[in-house]
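Notes for the one structure printed next.
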Amino acid sequence: MNICIFEDNKANNFYPLSLTKPVFDLLCGTTTFEKRIFSFTPKASKYFYCRPYLHPLLKQQKRKLLQKPTSLASCLFINGRVAMTPALMKKISTAKSDKLFYHKKTLIAAFLTKDNLNLITADSELTLKTNRLPKIQVNAILPNFIWELVNINAKQIRLDAKDFFELGSIQGKLYENVTLLNKKNIFIHQTVRIKPGVVIDAEKGPVIIDQGCTILPNTTIIGPVYIGSKSTINAGAKILSDTSIGPVSKIGGEIAESIILGYSNKQHDGFLGHSYLGSWCNLGANTNNSDLKNNYGNIDIILDGVKINSKQQFAGLYMGDHSKTGINTSFNTGTTVGVGCNIFGSGLPQKFIPSFMWINPAEKPQIHVFDKFVKTASQAMKRRSVLYSAADKRIHSYIFRIRHK
C-alpha cells in the first residue's frame, strides 16, 4: 500500500508550532500524528506532502515527498491532522475502489487508483479536482486549532496507552519510598530511574514514562501524563493531568494540561498551563503564564497577526521553536510567541510576539539579528549532540524574510 500524509489549508491554525514543521509532526498524546498513522500500517510505502518551504526538512530526514502521484498504481491520502485510530484506519485502508472520506465537511482521506491520480493538484496545498467520486462520512478526531491539540491531549494519551503500551508493566529502577497509585494504569520502561519520594497517581488516567527517563526526588505526577524518552523531571516538580512531554526535555516547577514538543527546558519553578511549547525552547527561572481571565470569559488568541475568538475559557502560552525567556517572565492569557524570540524584563509582554524578536516590555521591541540567532541555535543544539543543519537554516531564513522583509 502507498500512503501519502498531506497538510490541508488549516496549517496556519497551528501557528506558531507549524512555522517550522508540518502539522503531522506535532505531538499530541504520546506520539506525532504521522507516527500514529504509520504505526497501524507499518509495511506501507510512505509519502508526504506539505508546504514547499518545509521540503528541505523532509529531505534531510529522508522522507519521500509526493512529486508524481501518477507514477503510483494507487495511493491512500490521509489528512495529517487526523488523530488516527485502529478502527478508522481499517475503514479507510480496506477501500477497493476510488473513494473520498469526509469528517463532516473536511476531507480526511482519499483512496485513488491510477485512473484518478491525475485529479491531484499539489501547489500551495494538496487538493482534489473532483466532486464526482463516492463520498463516505466517517467519525474522526480532527483538531482545527493549536489549542484543540491541548484540549484533546488527555483523550489521546488514554487511546495511545491502550494501543501502544503494556499498562501495568512497571520496570526500571524504583528507589525506596516511591508511591504508585493504580499500578494497572502505569507503564514504566525498564531503563527508567525513579528516585525516593516520587508519587505517581494514575487513578484518573494512565501515566507513561518512556525509555531513559529520570524522575528526581519528591516529584508528583498525576495522570493522564506522558513523559517522553530521555527526559528528566527535576526534584519537587508537579506534573499534573493532561500533559505530554516530548523527548530529551528537562522539566521542573508546575505543568498542567500542556504539551512540550521535545528538546526543551523548563527546569525551574514557575507555572505552565494550557500551553504548547515547541522544540529548543528555554524558560528562565520563575517563568509563569496565565491561562484563565479574571472575568472567566472567552480568550482571544492572535495567530500570525489575526485575532481569533478561541471560545476557550482556558488558554495559555503557545511558543515556537528556539524561543527563550529570562527569569521572572510573565505571560498574559492566550499569548503566542513566534520562532527565535527572546523575552525578558519586568511587566507583561504583548500577547502576540512575531518571530525573531527581542522583547523587553519596558523598551522598544527589537528585531533579532539573524546571524546571532543562528549562532545561539547552533550552540543550543550542539549541547544535545544535534547538528544545526543547512535545512534548519533555510527554513529559519525563510521565516525571517517573510516576517521582516
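The values are calculated or read from the model by the stated rules, or taken from the named source; none is laboratory data. All values derive from a computational prediction rather than experimental measurement. Heads up, the Cβs are rebuilt from the backbone with ideal geometry, glycines too, and the neighbour counts pull from every protein chain shown.
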Problem set entry | Pairs, first surrounded by 21 or more Cβ atoms within 10 Å (Cβ to Cβ) in segment 264-275, second in a strand (DSSP E or B) and of a type in the set (Phe, Trp, Tyr), C-beta under 9 Å, six or more apart | Gly273/Phe314; His274/Phe314; Ser275/Tyr318; Ser275/Phe331
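Just for segment 44-54: of the residues that are more than 24 Å from Ser93 (Cα to Cα) and at pLDDT 95 or above, which one is surrounded by the most Cβ atoms within 10 Å (Cβ to Cβ)?
Filtering first and then ranking leaves Leu54.
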For this session: Search segment 321-341 for residues being within 12 Å of Met357 (Cα to Cα) and touching a helix residue (DSSP H, G or I) at 6+ places or on another chain (Cβ under 8 Å), and hand back the single one that is surrounded by the most Cβ atoms within 10 Å (Cβ to Cβ).
Result: His322
Seminar exercise, completed: Counting only residues in segment 85-109 that are surrounded by 19 or more Cβ atoms within 10 Å (Cβ to Cβ) and in contact (Cβ under 8 Å) with a residue 40 or more places away in the chain, the one farthest from Thr32 (Cα to Cα) is identified as Ile92
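Quick one: would you say Leu348 is in contact with a Ser or Thr (Cβ under 8 Å, 6 or more places away or on another chain) and surrounded by fewer than 18 Cβ atoms within 10 Å (Cβ to Cβ)? Step through it out loud before you land on a result.
Working: in contact with a Ser or Thr (Cβ under 8 Å, 6 or more places away or on another chain): yes; surrounded by fewer than 18 Cβ atoms within 10 Å (Cβ to Cβ): yes.
Against the criterion (in contact with a Ser or Thr (Cβ under 8 Å, 6 or more places away or on another chain) and surrounded by fewer than 18 Cβ atoms within 10 Å (Cβ to Cβ)), Leu348 qualifies.
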For this session: Return only the number of the condition from (1) in contact with a helix residue (DSSP H, G or I) (Cβ under 7 Å, 6 or more places away or on another chain); (2) outside any loop (DSSP other than H, G, I, E, B) that Arg36 does not satisfy.
Result: (1)
Seminar exercise, completed: All conditions in (1) touching a strand residue (DSSP E or B) at 6+ places or on another chain (Cβ under 7 Å); (2) farther than 19 Å from Leu54 by Cβ; (3) surrounded by 22 or more Cβ atoms within 10 Å (Cβ to Cβ); (4) hydrophobic (A, V, I, L, M, F, W, C) are true of Phe356 except (2)
For this session: Examine segment 48-65 for a residue that is part of a strand (DSSP E or B) and in contact (Cβ under 8 Å) with a residue 40 or more places away in the chain, and state whether such a residue exists.
Result: yes
Seminar exercise, completed: If you go through Lys68, Lys99, the only one that is in contact with a strand residue (DSSP E or B) (Cβ under 8 Å, 6 or more places away or on another chain) and of a type in the set (D, E, K, R) is Lys99
For this session: Find the residue count for segment 22-33, including only residues that are among the aliphatic types (A, V, I, L, M) and either part of a loop (DSSP other than H, G, I, E, B) or in contact with a Ser or Thr (Cβ under 7 Å, 6 or more places away or on another chain) (or both).
Result: 2
Exercise. When you scan segment 343-377, how many residues do you find that are without any contact (Cβ under 8 Å) to a residue 60 or more places away in the chain and in contact with an Asp or Glu (Cβ under 9 Å, 6 or more places away or on another chain)?
Worked result: 5
Problem set entry | Checklist (1) in the same structural domain as Val374 (by TED's automatic domain parsing); (2) outside any loop (DSSP other than H, G, I, E, B) applied to Ile255, failing item | (1)
For this session: State the number of residues belonging to segment 280-303 that are in contact (Cβ under 8 Å) with a residue 60 or more places away in the chain and in contact with a strand residue (DSSP E or B) (Cβ under 6 Å, 6 or more places away or on another chain).
Result: 3
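Condition first: touching a Lys or Arg at 6+ places or on another chain (Cβ under 6 Å) and in contact (Cβ under 8 Å) with a residue 12 or more places away in the chain. Can you find one or more residues in segment 311-333 that meet it?
So the first thing to find is which residues in segment 311-333 are touching a Lys or Arg at 6+ places or on another chain (Cβ under 6 Å), and the list is 332-333.
If we keep only those that are in contact (Cβ under 8 Å) with a residue 12 or more places away in the chain too, we end up with 332-333.
Yes; the residues of segment 311-333 include at least one that is touching a Lys or Arg at 6+ places or on another chain (Cβ under 6 Å) and in contact (Cβ under 8 Å) with a residue 12 or more places away in the chain.
Before we move on, is Lys68 free of Cβ contacts under 8 Å to residues at least 24 places away in the same chain and surrounded by fewer than 19 Cβ atoms within 10 Å (Cβ to Cβ)? Spell out the reasoning first.
Details: free of Cβ contacts under 8 Å to residues at least 24 places away in the same chain: yes; surrounded by fewer than 19 Cβ atoms within 10 Å (Cβ to Cβ): yes.
Yes, satisfied.
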